[in-house]
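This is the structure, below, for whatever I ask next.
What follows draws every value from the coordinates through simple rules; no lab data is involved. Just so it is clear, the structure is predicted and the values come from calculations on it, not from any experiment. As a convention, Cβ positions derive from the backbone with ideal geometry for all residues, glycine included, and neighbour counts pool all protein chains shown.
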Amino acid sequence: QEYLPELQIEEREVTPDFIIPKCKEIACIDADKAKGPLEIRKWKQGDKFIPFGMKGKKKVSDYLTDRKYTLFQKEKQCVVCHGEDIVWLVNERSDNRYRVTESTRKVLILRIVEK
C-alpha cells in the first residue's frame, strides 16, 4: 500500500468578502464544476492537465521538469482527480477548467494533511 496524504475538502459559499488564498498549499476550485467525488493519487506517465492561467494541456511530467523537480520529488507528487480530469497538481497548480470565476457560487477549498 503506497503512502498517500489525506485530502481535506471544505465547501464554502462565495461571499463578497471571500478571498482566494494565494498559497500553493491550498487550491480553490469551483464546486459546481466538480460534482462527484474527488480522489487523490500519485501522478502517472501520460497525465495531463491545463495549468491555471493557460489554454493548452501540459503533461504533468513536463510541468514538473520545468519546475526543476528531482526524480525523488517527482515520485512523491500527487494529483487530485475528478473522474479522469486532474483538478490540482498538489501544492503546485490547479487546473484552469476548475478555476473560480465571476459566476462561481460555491468553492471547494482543498488542502493536504500529512498523516
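Using Cα pairs closer than 8 Å and at least 6 residues apart in sequence, work out the relative contact order for the chain, in percent. If you can, show how the numbers build up before the last one.
Details: 204 pairs, mean separation 53.1, N = 115.
Once divided by the residue count of the chain, the mean separation gives 46 percent.
Give, as a single signed number, the net charge of other residues whose beta carbon lies under 12 Å from the beta carbon of Y98, with Lys and Arg counted +1 and Asp and Glu -1.
Values: positive: K33, K35, R93, R97, R99; negative: D30, D32, D85, D95.
Overall, the nearby charge balance is +1.
Under a Cβ-Cβ cut-off of 12 Å, what is the net charge of the residues other than R67 that fall near it, where Lys and Arg count +1 and Asp and Glu count -1? Please report the intermediate quantities before stating the final value.
Numbers: positive: K24, K58, K68, K74, R93; negative: D62, D66, E92.
Residues near R67 contribute +2 overall.
Next up: About the Cα centre of the chain, how large is the charge dipole given +1 on each Lys and Arg Cβ and -1 on each Asp and Glu Cβ? Please answer in debye to the nearest 20.
For this selection, approximately 460 debye.
Further question: Net charge around L110, counting only other residues with Cβ within less than 10 Å of its Cβ (Lys, Arg = +1; Asp, Glu = -1)? Show your work: numbers first, answer last.
Values: positive: R111; negative: E10, E25.
Summing Lys/Arg as +1 and Asp/Glu as -1 gives -1.
To the nearest 0.05, what FRET efficiency results for I40 and R67 with a Förster distance of 25 Å applied to their C-beta separation?
With a Förster radius of 25 Å, E is 0.80.
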